[in-house]
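Since every read-out is calculated from the coordinates, none of them should be taken as a lab result. This is a predicted model, so every value here is computed, not measured. Cβ atoms come from the backbone with ideal geometry, glycine included; neighbour counts cover every protein chain shown.
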Ligand code: PFF
């Protein structure tokens, strides 16, 4: 049982730090842009409400009720077939797959912090050349930033829950919120602010496709950090007598708020310059830097603020992705935390290096399999298959395979009977069926 624990506020900040990440500031705005705005946002919000929060609470329960690493937590709570159920805790393997490419992107962000104060690209064309030049040609600087990003993440995790993860989140999360509030206030001074609000919140069918539903649901998992033992592991380091339901709702709310604010800020800047909403994945690394240039010196400051916020968001998420595996190795193999952290980080960094190389022209042929390179495969397999699968397993586990009397007695401390029954229905049926159908569709299993 872990002794190094979060305080209550530390947990909320750390879990919010995990949830608020590149998914909110980089991915959410561009997929919202690509999927037509308002209606997509609505589907995303409904999914967070009915699926995301339910799984988040279920995961928190497994960790909190046992105070053990994910594998032991599943094994302890399972009513029967303990040996089989402990594999439910190995979802942290997904975390490691995500980490390998996630840190590559944090590396790009660190580079763009430097670009912000040195050489902002002067046009979208130049910005595109700059980004693609880095991505496809610039091996050494990309590896350099990647290594720095990995060392930062590993260093924080090696310091432990209280003195590492909690301390860093207590600084970076409020700083991130301040930066975002500052950017929101600034964006209110533009005429395009209203257009951005309209785009984000007016449900318009024009660009909404049927796949948009699948994308929104998949993103709800990714953004809340559920389905891969991260929230479970954080909750296992939580003080007893904490209202896990209330904390889960707060985290989900903050996460959603950050995504919406990031979207509003980015679309205000985009529409102000007369750009279309659909800019694809390059939105943050190509379109925005070129637009920041237009603002002169203020643009440099804005750009630095933006990429700093993005770096903070990415780092606080990456540490939560590394933590479950570290906890497992630390507890099961009786290795010190420092050694466990650096051993795992080294292994994942090697895989991350392969995903990084797969984007580079000289290696891309060798490291492309079928229609995707290694980087895209890791992203696809983890987000579209492993995370939803992890979510379904956890939901079914809590819904059917643990002591239901115990679960009910515990949960009724935190929610009314009516809310409890709705939650149970959600994890027993809505999550497995809803998410199952999405996976089948997304993977085209029956087409
Ligand atoms: N929630 C993070 C984001 O939105 O960027 C990504 C993430 C973190 C996914 C932790 C999964 C996870 F366990």
Checklist line | Separation of the residue 83 and residue 441 label points, Cα + 7 Å toward Cβ, nm | finding: 4.0 nm
Margin query: If I take R0 = 56 Å and measure r between the Cβ atoms of residue 206 and residue 139 in this structure, what FRET efficiency does the formula 1/(1 + (r/R0)^6) give, to the nearest 0.05?
Written below: 0.85
Notebook entry, point to check: Taking Cα atoms, how many degrees apart are the long axis of helix 297-332 and the longest axis of the chain, rounded to 10 and kept between 0 and 90?
Noted result: 30 degrees
Next item on the list: Calculate the spin-label point distance for residue 243 paired with residue 125, positioning each point 7 Å from the Cα along the beta-carbon direction, and give it in nanometres.
Entry: 5.9 nm
Note to self: Give me Rg/Rg_expected for region 207-254, where Rg uses Cα atoms only and Rg_expected = 2.2 N^0.38 Å with N residues.
What the structure shows: 1.49
Check: When the Cα centres of region 162-235 and region 42-72 are compared, how far apart do they sit, in Å?
Finding: 18 Å
Item checked: Whether region 167-268 is rounded, prolate or oblate, judged on the alpha carbon gyration tensor where a/c under 1.5 counts as rounded -> oblate
Margin query: How much of the pair distance distribution for region 14-115 lies past 17 Å, counting alpha-carbon pairs only, in percent?
Written below: 68 percent
Next item on the list: Quick one: among 230, 273, 216, which has the greatest mean-square fluctuation in a GNM of the chain with alpha-carbon springs under 10 angstrom?
Entry: 273
Item checked: Kirkwood hydrodynamic radius over Cα pairs of region 291-447, then Stokes diffusion coefficient at 10 °C and 1.306 mPa s, in µm²/s -> 79 µm²/s
Check: So what is the 222 nm mean residue ellipticity for the chain from helices alone, if each DSSP H run of at least 4 adds -39500 (n - 2.57) and you divide by all residues, rounding to the nearest 500 deg cm²/dmol?
Finding: -22500 deg cm²/dmol
Next item on the list: Enter the Cα centre distance for the pair region 310-351 and region 361-434, rounded to the nearest angstrom.
Entry: 21 Å
Check: On a 0 to 90 degree scale, rounded to 10, what angle separates helix 337-358 from the longest Cα axis of the chain?
Finding: 40 degrees
Next item on the list: Determine Rg/Rh for region 358-404; Rg is computed over alpha-carbon atoms and Rh is the Kirkwood hydrodynamic estimate from the same atoms.
Entry: 1.34
Next item on the list: Find the percent of Cα-Cα distances in region 304-394 that exceed 17 Å, and round it to a whole number.
Entry: 66 percent
Check: How far is helix 431-442 tilted, in degrees, relative to the longest principal axis of the Cα atoms in the chain, given as a value from 0 to 90 rounded to the nearest 10?
Finding: 40 degrees
Notebook entry, point to check: Out of every Cα-Cα pair in region 108-155, what percent are more than 14 Å apart?
Noted result: 56 percent
Checklist line | Cα-based Kirkwood hydrodynamic radius, region 398-445, one decimal, Å | finding: 12.0 Å
Next item on the list: Using only Cα atoms, figure out Rg for the chain and give it as a multiple of 2.2 N^0.38 Å.
Entry: 0.94
Check: Say each of residue 148 and residue 405 gets a label point 7 Å from the Cα, pointing the same way as Cα to Cβ; how far apart are those two points in nm?
Finding: 5.9 nm
